[in-house]
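For reference, the structure discussed in these notes is given below.
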Amino acid sequence: MRGLFILLAVLAASTSGFSQMSDFISLKRSNNRHVASYFKGSRIELQHVNGQVISGPIEDVRNDSVFVRQWHIVSYITQLGTSKVDTLGSMVYGFHYQEIFRIFHDKRQSWGFVRNGTIFMIGGVGYIVLNVLNGWYRKEPIGDADNLKSLAIAGGVAGGGFLLNRLHRYREKNGKKYKIQYIKMTN
């Protein structure tokens, strides 16, 4: 009996040794530098060529196709007047990997709110609003030379933040800088 148990344990361990990784999708820069890999079980958010945004776990990657499960979640009102969120079901979308227009890759950036100019816009507009409200409350002239100078600087900071926001690279990975490759691992 003990020998049978050892034999079954060895057979179970050897089957995992013969397993092979399934196909996957690789997101690369134009210079072939690897950015991310998407395989069965990983989460992906992408935009199809028809404009539809699909997000969810990847069910399978095979035969140049990607299968993504998308959950249908709705909110409804109960009899007591409160809202409740429930999952109605899910659907698996299958499409060719070349039908992916863009992949939304969520690379975490440190100090992203500074890089995209959000903090400058909030600070500049906040200072202008606070300055005007304080001037109105204290009944001080807003058109004073020193006050206009500080308002102009705050407006410049807000405008610079707006410019940074427009120039900031979004998290979409597509176009000339990125390419999506299908890596075949199975026969």
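Do the conditions hold for residue 104, that is, is it open to solvent by 40 Å² or more (accessible area, probe 1.4 Å) and touching a residue at least 24 places away in the same chain (Cβ under 8 Å)?
No.
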Which count do you get for residues in segment 50-73 that are surrounded by 16 or more Cβ atoms within 10 Å (Cβ to Cβ) and within 25 Å of residue 177 (Cβ to Cβ)?
5
Just to be sure I understand, how many residues within segment 125-150 are among the aliphatic types (A, V, I, L, M) and over 17 Å from residue 161 (Cβ atoms)?
5
Of the criteria (1) touching an Asp or Glu at 6+ places or on another chain (Cβ under 9 Å); (2) surrounded by fewer than 15 Cβ atoms within 10 Å (Cβ to Cβ), which one residue 47 fails
(2)
Looking at segment 1-67, what strands (runs of 3 or more DSSP E) fall wholly within it and have at least 1 residues that are modelled with pLDDT under 90 and out of contact with any strand residue (DSSP E or B) (no Cβ under 7 Å at 6 or more places or on another chain)?
53-62
Please find, within segment 96-126, the residue that is modelled with the highest pLDDT out of those that are charged (D, E, K, R) and not in a loop (DSSP other than H, G, I, E, B).
99
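The values are calculated or read from the model by the stated rules, or taken from the named source; none is laboratory data. Everything numeric in this text was worked out from a predicted model, so none of it was measured. Glycine also receives a Cβ, built like all others from the backbone with ideal geometry; neighbour counts cover every protein chain displayed. Please note that ligands, DNA and RNA were not included when accessible areas were found on the heavy atoms of the full protein model with its side chains. Shrake-Rupley method; radii C 1.70, N 1.55, O 1.52, S 1.80 Å.
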